[in-house]
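Shown next, in C-alpha cells, is the structure this report addresses.
The values are calculated or read from the model by the stated rules, or taken from the named source; none is laboratory data. Everything quoted here is computed from the prediction, not taken from an experiment. Please note: Cβ atoms are built from the backbone with ideal geometry, for glycine as well, and neighbour counts cover all protein chains shown.
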Amino acid sequence: MSQNIKTNSTIFIVSGASGMTNHSMVNALLVQYPDNNISLEMVPNVQNKQQVIDLVQKAKISHAIITHTLVCNDIRNILIDECKREGIKQIDFMGPLATYIENEIKLKSINEPGLFRKQNSQYFQRIDAIEFTLNHDDGLNPERIHQADIVLTGVSRAGKTPLSVYMSMLGWKVANVPLVNGIEPPQELFEVDPNRVFGLKISRVQLVSHRVKRLKSFNNESNTNYVDQRKVNEEIWFADRIFSKGGFSVINVTNKPIETSSNEIIELISNRFGYMKQKINNPY
C-alpha cells in the first residue's frame with residue numbers, strides 16, 4: 001500500500017454502521033508510520049446503492065482510496081464493482097474472511113450492520129463515556145457540556161476529576177468545571193439543566209490537606225496562597241455563591257470515598273431523570 005499512496009493521501013473509512021471498527025484498524029496501521037500525513041474521512045451508515053455511487057464519485061474527485069468493513073454482501077459487492085469501474089483503489093477488510101466462512105465453513109451471514117456494537121453495547125457505552133469525560137475534564141470544551149449526563153463543579157482539589165472518571169467507568173458522561181475565586185465560570189455552566197449540575201463542597205481542613213500534598217508532589221511548597229486558610233475560605237465562599245446562583249445540588253464530599261459520593265449523585269440523577277441507578281451494573 002505504501003508504494004501507491006502518497007504521504008498526503010486521503011483514506012475514506014466506509015462502514016454500514018458507525019465505522020469505528022474500520023477506523024481502529026486503519027489507525028492501528030498508521031501509527032507504524034509516524035511521519036505520514038494521511039487524512040482520514042469517516043463515511044458511516046452506507047446502506048444503499050446511491051450512497052455507494054455518491055461515495056465513489058467523491059473519492060474519485062478527492063483522489064482518495066476506500067477502506068471498508070461492509071458486512072452486507074450486496075452493498076459490499078456494489079462498492080467493489082463501482083470502484084473497479086471508476087478506477088478507485090479499495091481495500092476490503094471483511095469480504096475475504098466472510099467469503100471463506102460462507103464457502104468453506106458453510107455458514108450464512110445475517111447481513112446486519114452494527115451488530116457487534118449492539119451486542120457489546122455496555123462496553124462501547126463505557127468507552128464513549130470515558131472519552132467524553134476526559135475531553136471535558138477541568139473545564140475543557142465548555143461549549144459541549146450540555147451533552148453531559150452529569151456536570152461537577154467546585155474548587156481546586158475538591159475531587160472533581162477522580163469522581164468524574166469513576167462515574168464515567170460506570171457509563172456516565174461527566175464534565176467538570178473548576179471554580180477559581182474572582183473569575184466567573186463559563187456561561188455554559190448556567191445554561192445546563194441545574195438538575196444535572198452538582199457542586200462539590202469540602203471542608204477547609206481537608207481541602208488544605210489535599211493541597212499541601214499536591215504542592216509537595218510538585219515540589220512547589222512556596223505557593224502559600226494555594227494553602228492559605230483565609231484565601232481557601234474565600235474560595236469556598238465563592239464556590240458556595242456559584243452553587244446558589246446556579247441552583248445546583250450541593251454534595252458534601254468531606255471524608256467520603258469516591259464510591260459514596262458517586263452513589264449519592266447517581267441516586268439523585270436516577271430519581272430526577274428515570275435513569276438506571278448505575279448504567280453499567282458490573283463494569284469489571
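Conditions (1) at pLDDT below 95; (2) surrounded by 13 or more Cβ atoms within 10 Å (Cβ to Cβ); (3) assigned to a helix (DSSP H, G or I), marked per residue:
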residue	(1), (2), (3)
Leu170	yes, yes, no
Pro185	no, yes, no
Lys213	yes, no, yes
Lys216	yes, no, yes
Glu221	yes, no, no
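Of the residues contained in segment 169-191, one or more are found to be under 20 Å from Ile236 (Cα atoms), over 13 Å from the mean Cα position of the chain (by Cα) and of a type in the set (Asp, Glu). Among the residues of segment 12-22 satisfying the criterion of being of a type outside the set (S, T, N, Q), at pLDDT below 90 and under 12 Å from His68 (Cβ atoms), which is surrounded by the fewest Cβ atoms within 10 Å (Cβ to Cβ)? Across segment 12-22, the extreme among qualifying residues is Ala17.
Taking strands (runs of 3 or more DSSP E) as the structural unit, those lying wholly within segment 23-141 and holding at least 2 residues that are surrounded by fewer than 18 Cβ atoms within 10 Å (Cβ to Cβ) correspond to 39-43.
Which one is farthest from Asn255 (Cα to Cα) among residues in segment 138-169 that are among the β-branched types (Val, Ile, Thr) and in contact with a strand residue (DSSP E or B) (Cβ under 6 Å, 6 or more places away or on another chain)?
It comes out as Ile145.
Checking the stated criteria, Phe198 turns out not to satisfy the condition of being part of a helix (DSSP H, G or I) and closer than 18 Å to Ile242 by Cα.
Number of residues in segment 10-22 that are within 19 Å of the chain's Cα centre (by Cα) and part of a loop (DSSP other than H, G, I, E, B) equals 3.
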